[in-house]
Amino acid sequence: MSDRLRGIDLTLGYDGRTVAEDLSIDIPDGSFTVIVGPNACGKSTLLRSLARVLKPKAGHVLLDGRDIATRPAREVARTLGLLAQTAVAPDGITVADLVSRGRYPHRGPLSTWSDADERAVRWAMEATAVTPLAGAFVDELSGGQRQRVWIAMVLAQETPLLLLDEPTTYLDITHQLDILELCARLHREHGRTLVAVLHDLNLAARYATHLVAMRDGRILAEGTPAEVVTEAMMEEVFALPCRVIPDPETGTALVIPRRRLYSAAGVEGDEYPRTQP
Amino acid sequence: MTARARLRVVGVSAALAVAAIVIALVSISGGDYPMSLPDVVRTLFGGGSPADAFIVRELRLPRVVTALAVGGALALAGALFQSLVRNPLGSPDVLGFTQGSATGGLLAVVVLGGGSTAVAAGSVLSAIATGAAIYLLAWRGGGHGHRLILVGIGVAGILTGVNSYLLTRANIVDAARAVLWLTGSLDGRGWGQAAVAGGALVLLTPVVAVLGRALANLELGDDPARGLGVNVGAVRLTALACAVLLAAAASAAAGPVLFVALTAPQLARRLTGATGPNLLPSLLLGAALLTGADVLAQRLFPGHQLPVGVVTGLLGGGYLVLLLARTARRARV
């Protein structure tokens, strides 16, 4: 039995520029998959193609064994939800109104609001703890609250698969953790399969069950965080000399960059040669 | 949307429909041969004297139906454009469509010396050509609202120049006729013009209504809309085509009436307090607005009728200044 969401021999790019070639990926069912990699490595592009938002130049994205490009958009949107990076809240929209937009793929163009719609929206707002904000205007919320509202909108789609494009970017450390705790709860308690693009390696190692490391449009390593986050692999992926130690809090991998020329005074006898100016 | 918000949209729409009907009746009742409102209603339902029947059904009703349909079509076109470009400035007046339809009408008058049918055909064809040109220039490969507005303003500028040139080439009789048409007027509109604007509205409103929710989600951005299952390319192209056809039909029936498309959706939105394109309330408000402007145009200076475009220009221009002033103030904060 193959996994529900797979990319096969994908060539991805925009206009004349190719970002990735012959890229294949399996999203393990029931996993919390996190994709990491340096800027411009193609991780968001890959996620957008898996979400049917970007059409691959070659290759196929298979959802439940069928090519995602040939399936109706609304049907796909009932199986797979996307938290996009570029979402804009219209002026004067309330939280409840925005979350209810997530019901679009379940509704006919002129159908009325059903009990199932109401239940899904209530649940989505409860799960993301935005119920007290239901009547508030989205443009008046803090960054962390706003991100939870967008996640609530995607949850209201009631999809077994969730794709999240940099859900923690621009958030402070507390709100990053809040969002990832929420993702982990959706994964553990509600059985969702999640795919997220993240920048913070340490948080990725804490929360992911399956980690994919990309560079220059290629997947260099995938597996459990313990398998992927090694000193050798981090140097290869990010060109970053680093130490990897167990996180004293969780025991997961913790990436500590080696100190550089202008770092504050470090441990004496540091073996790593300083970069010469 | 909560139940209360939905109720407000329904209530506002009903009130606007009633207002449009009342204004239409008032419009029919007035003129050189005043009638009472009960007489108007009785005549509309088949009663009244033969003289009343002739005046109402052959002279005044076609003009009022044209006003309602043109106002509704323009407002609906404006609501679609504003939703598509995610900007309150998105309206056929700003984006060059109005100027484009004027070019065709002027060509028909000045170069071909044609009558009202030729003017209508010319304005429809050139509005569609303008729509296609702007789509190709600004929208190919996923458009952005700002780019469309900037391209539209450029196209509008070019076409304004072309229009002025055409007017200088016209003889004085044609020029006077053309200027009256360019202002936008409902004078002497018969069932033919009512059928053009009304037909477009009746045919395209259902199409647009089906797109309503998809358009509201498109306002979130292309990627989130696709994630929700919106066929972004198809929805955008269909909405744009409907908007161009509605604006073209309105222009064919009454000339390029300014500012209704710009103001009606904004006012409707403020009344309903709802997000999204507010299609039905905009349509109804546009119908009431243009019919009301026509009543003012006929009665503001007794014995001297104004073209309705002058009234909408004054009202709408004032509103635009207010809108820009408010936007500037908010941007400063």
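Some observations on this one:
- Proxy reagent accessibility, fewest Cβ within 10 Å first, across A:ASP178, B:ASP93, A:ASP216: A:ASP216, A:ASP178, B:ASP93
- On the principal axes of its alpha-carbon atoms, the stretch A:113-195 has extents of 37, 30, 18 Å, going from largest to smallest.
- Peptides A:11-19, A:45-53 ordered by packing proxy, namely the average of other Cβ atoms within 10 Å per residue, highest first: A:45-53, A:11-19.
- Averaging over all projection directions, the Cα-based convex hull of the stretch B:3-332 occupies 18.1 nm² in the image plane.
- Number of partner chain Cβ atoms within 10 Å, mean per residue of A:40-52: 1
- In this calculation the C-beta distance from A:THR18 to A:ASP91 is compared with R0 = 41 Å, giving a FRET efficiency of 0.65.
- Annotation for the stretch A:114-219: trypsin sites (Lys or Arg not before Pro) lying in DSSP loop with at most 11 further Cβ atoms inside 10 Å of their Cβ do not exist.
- In plain terms, the residue of B:PHE259, A:PHE32, B:PHE301, B:PHE97 with the fewest other Cβ atoms within 10 Å comes first and the most crowded comes last, giving B:PHE301, A:PHE32, B:PHE259, B:PHE97.
- Note on the protein assembly as shown: Cα-only Rg and Dmax are 29.7, 111 Å.
- Extent along principal axes [Cα atoms of the stretch A:1-78; Å; largest to smallest]: 32, 26, 20
- Residue exposure proxy: A:HIS106, A:HIS210, ordered by other Cβ atoms within 10 angstrom of their Cβ from fewest to most, comes out as A:HIS106, A:HIS210.
- Other protein chain C-beta atoms within 10 Å of residue C-beta, averaged over A:67-75: 2.
- Take each residue in B:211-224, count the other chain C-beta atoms within 10 Å of its C-beta, and the mean is 6.
- Based on DSSP H segments of at least four residues, each scored -39500 (n - 2.57), chain A has a per-residue ellipticity at 222 nm of -8500 deg cm²/dmol.
- Length-normalised contact order for the stretch B:3-332 - Cα pairs under 8 Å, 6+ apart - percent: 30
- Evaluated over the Cα positions of the stretch B:222-333, the convex hull gives a direction-averaged projected area, one quarter of its surface, of 9.3 nm².
- All Cα-Cα separations within the stretch A:52-114 were binned at 10 Å from zero, giving a P(r) of 16, 41, 31, 11, 0, each value a whole percent of the pairs.
- In this label model, A:GLU236 and A:ASP115 are separated by 5.6 nm, measuring between points 7 Å along each Cα→Cβ vector.
- Mean-position separation - Cα centroids, the stretch A:125-191 and the stretch B:188-205, in angstrom: 49
- The spacing between the stretch B:206-234 and the stretch B:90-138, judged by their C-alpha centroids, is 28 Å.
Any read-out appearing in this document is the output of simple, stated calculations on the displayed coordinates, not a laboratory observation. Predicted model, so just to flag it, every value in this text is computed and none were measured. So basically every Cβ, Gly included, is an ideal-geometry build from the backbone, and we count neighbours across all protein chains shown.
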